[in-house]
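Report on one structure; see the data block that follows.
The values are calculated or read from the model by the stated rules, or taken from the named source; none is laboratory data. Since we're looking at a predicted model, the values are computed, not measured. Every residue, glycine among them, receives a Cβ derived from its backbone with ideal geometry; neighbour counts consider all protein chains shown.
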Amino acid sequence: MASPLILAIDQGTSSTKVLLVDRAGVIRARGQASIGQATPNPGWVEQDPSEIWDSVRRAVAETVTPEVAAHIVGVGLSTQRESCVVWDRRTGEPLSPVLSWQDQRTALLCEAIRGAGQSQQIRRTTGLPLDPMFSAAKAKWILDRIDPDRARARRGELVVGTIDAFLLSRLGGEPLIEAGNASRTQLVDVQTCAFDPALLDLFGVPEGALPRIVPSTGPFPTVANLLPLLDGTPVLSVLADSHSALFAHGAFEPGPVKATQGTGSSVMGLLGPVVAANPDRLHAGICRTIAWWVDVPALAFEGNIRSAGSTLVWAADLLGIDPAGLARLAAATPSAGNVHLVPGFNGLGAPWWDSAAVGCLSGVTLGSGRGVVARAALDSIAHQIADVIDAVRDSGVPVSGLMVDGGPTRNEQLVQFEADMVGLPVFRTETAELSALGTAHLAGLQAGLFSLSDLAGLERPGRTFMPAQSEADRRSARAAWLGAVRRARLVPELQQMPDHQPAAAQSGRGGN
C-alpha cells in the first residue's frame, strides 16, 4: 500500500463503513462498525450521536495502520441524509439524540403547516414535499424542547445540523454543512443554495444556529483526533450518501439514473438544462435536490421510496421465514398474477407523497399461496421504481438506462423484473460500497489522483439486464399495479388517469 491512498468514510443508518482506495480506483482495505437505533415511541427513530462518532473512530482504526496512515493523502466523507441533531457550539457535545430520517414524530407538525397553506411554497423553494423525513420539522421539534424561546440558538450557542455537519464539527473548526446535505434540510432554496429566511421563520430555526453551507469540496477542516490518521490530513470531499452513489456510478451527465435499494429506495439522476431552468416542468411528485457542488451546484431529481428491503423483511416475518427463504419462495413462483402488495406501511413516498396511504395486499383469492405473497413483495420494489421513472420521463427528463445497487439487487429475479417494468437496460454493479466509493472518487479528484475523464472511464464490474417483456405486457402489468396503488390510497377507480400520472394529482390526496 505504498501508493497514495484516499480514506473514504461512509456513515450510514446501521453502520459506518471505511474504504482505502488507491490511485487506480481499486479498494485496498475495508472496515466497518455497526451502530444501533432506538424506537422509544411508535414512529420515533433515534440514534446516539456519540455512538455515531465512536463508530467512525472504530471503523477507521480497524482499517488504517500507522504504517498506512502516512500514505493517506486525503479523506472523503459520505453520510446519511436528513437526520438532525443539536450540539453545543463551544464544547461540541450533543444536546439531543439524532432524529433519524426515518423518524415520523413531526407528522402532526407537518400537517399543521400544510393546513396553513404553506406546502406549495415549501416545494417551490426547496424542491421537496412537506414531509417528516426532512430535517426542518425535526429541528423545530428539538429546539422547542431544549430552547423554546430560541435565545441560545439566536446567540449561536447551539448548532442545528445534519450528520455531515456534526462529524465535521468533531474535527474542530466552524460548523459546516455540505451543499447536497443542506439541500435536504428543507430550509434551503435549491436554486440559490442558500438558507431561505422565510423558511427559517416558518420552522423557527434561527440562522445563527445553522452551519455554513460549503461546496462538496470544501474547504473543510483537517483531521484531528482520529487515530491512527495523522493530524492535519485534509478532508477533501463530503457528499450525501445517495448522491455519492450517483457519483460512483459515473453519472456525470443527464441520462443515466441510479436506484439505490436498501431499507427504502432512492432513484436519482441529474436534471437536464431545460428542466433545471424550468422547475415547474418537473413532475409534482419528484424532488429537486443538489447532487453535488464541485465547480457549480449540479441539480438532480430524486424519488424517495419509503419501503424496499423493509418490505421483504416484513413479508418474510409474516410468512415465518427469513429473507433468504422469501427469495427462494419467490424464485419458485413465476408470477404473482393479479396479487399486489403496496407497502404503504408508513404512507407512500415518491411520486405519491401520501401519508394517508395504507399497506395493502390486494387481488388474493383462496388459491393464493405463500409463493404469490413472496413474489408480490419482491415485485413491489420494481413497481415503485417504475412509478418514479415514469413520472421523470413524463417531465421530459432524459432517462437512458438504470443503474442499481444495494442489498436487494443481489436478487436476479428482482433486477430482471425491474428491467421489465421500466422498459430499460438495468446495470447492476458488483461493488457493494458505492456511497463510500463516490466520495473517495471526488476526494481523489481533488488530490490530483484522478481526472474526471479517468473517473468516467473506470471499469465498473457488473451485469446488464435487458427487458424481456413486450411493451404491451409491461403496460398491462403497470396498469394492474397502479390499480392496487389506488386501492391503498382509497382513490376511486373512476378517477384514474393515464398510467404515469400519480393519483395525488388526480384526487387532491397526498402531501404535495
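None of Thr192, Thr185 is assigned to a loop (DSSP other than H, G, I, E, B) and crowded, with 17+ Cβ neighbours inside 10 Å except Thr185. The residue that is surrounded by the most Cβ atoms within 10 Å (Cβ to Cβ), among those in the range 377-410 that are of a type in the set (S, T, N, Q) and in a helix (DSSP H, G or I), is Gln384. Tell me, which residue of the range 75-105 that is crowded, with 24+ Cβ neighbours inside 10 Å and not hydrophobic (A, V, I, L, M, F, W, C) is farthest from Gly172 (Cα to Cα)? Across the range 75-105, the extreme among qualifying residues is Asp103. Scanning the range 286-315 for residues that are in a loop (DSSP other than H, G, I, E, B) and either modelled with pLDDT of 95 or more or within 29 Å of Val214 (Cβ to Cβ) (or both) gives Ile286, Val294, Asp295, Val296. Among the residues of the range 291-317, write down those that are outside the structural domain of Gly406 (by TED's automatic domain parsing) and surrounded by fewer than 15 Cβ atoms within 10 Å (Cβ to Cβ). Once the filter is applied, which keeps residues that are outside the structural domain of Gly406 (by TED's automatic domain parsing) and surrounded by fewer than 15 Cβ atoms within 10 Å (Cβ to Cβ), the range 291-317 yields only Asp317.
Screening the candidates Val426, Val388, Val372 for the property of being out of contact with any His (no Cβ under 8 Å at 6 or more places or on another chain), modelled with pLDDT of 95 or more and over 28 Å from Ala276 (Cα atoms) yields one hit, Val372. Out of Leu210, Leu199, one residue alone is modelled with pLDDT of 95 or more and either surrounded by 21 or more Cβ atoms within 10 Å (Cβ to Cβ) or farther than 17 Å from Ile177 by Cβ (or both). It is Leu210. Scanning the range 265-285 for residues being crowded, with 24+ Cβ neighbours inside 10 Å, among the small types (Gly, Ala, Ser) and assigned to a loop (DSSP other than H, G, I, E, B) gives a total of 1. Would the range 121-133 turn up any residue that is more than 22 Å from the chain's Cα centre (by Cα), surrounded by fewer than 24 Cβ atoms within 10 Å (Cβ to Cβ) and farther than 25 Å from Val45 by Cβ? Yes, some residue in the range 121-133 is more than 22 Å from the chain's Cα centre (by Cα), surrounded by fewer than 24 Cβ atoms within 10 Å (Cβ to Cβ) and farther than 25 Å from Val45 by Cβ. If you filter the range 217-265 down to residues that are without any contact (Cβ under 8 Å) to a residue 40 or more places away in the chain and over 25 Å from the mean Cα position of the chain (by Cα), you find that the one that is farthest from Trp53 (Cα to Cα) is Gly232.
For (1) in the same structural domain as Ala291 (by TED's automatic domain parsing); (2) surrounded by fewer than 20 Cβ atoms within 10 Å (Cβ to Cβ); (3) within 19 Å of Met268 (Cβ to Cβ), each residue gets a yes or a no:
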residue	(1), (2), (3)
Glu418	yes, no, yes
Met421	yes, no, yes
Thr429	yes, no, yes
Ser435	yes, no, yes
Leu442	yes, no, yes
Leu445	yes, no, no
Ser453	yes, yes, no
Pro461	yes, yes, no
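Listed by position, the helices (runs of 4 or more DSSP H) enclosed by the range 25-140 that each have at least 2 residues that are at pLDDT below 95 are 66-69, 107-115, 119-126.
Within the range 141-156, which residues are within 24 Å of Arg81 (Cα to Cα) and surrounded by fewer than 16 Cβ atoms within 10 Å (Cβ to Cβ)? Scanning the range 141-156 gives Asp144, Arg145, Ile146, Gly156.
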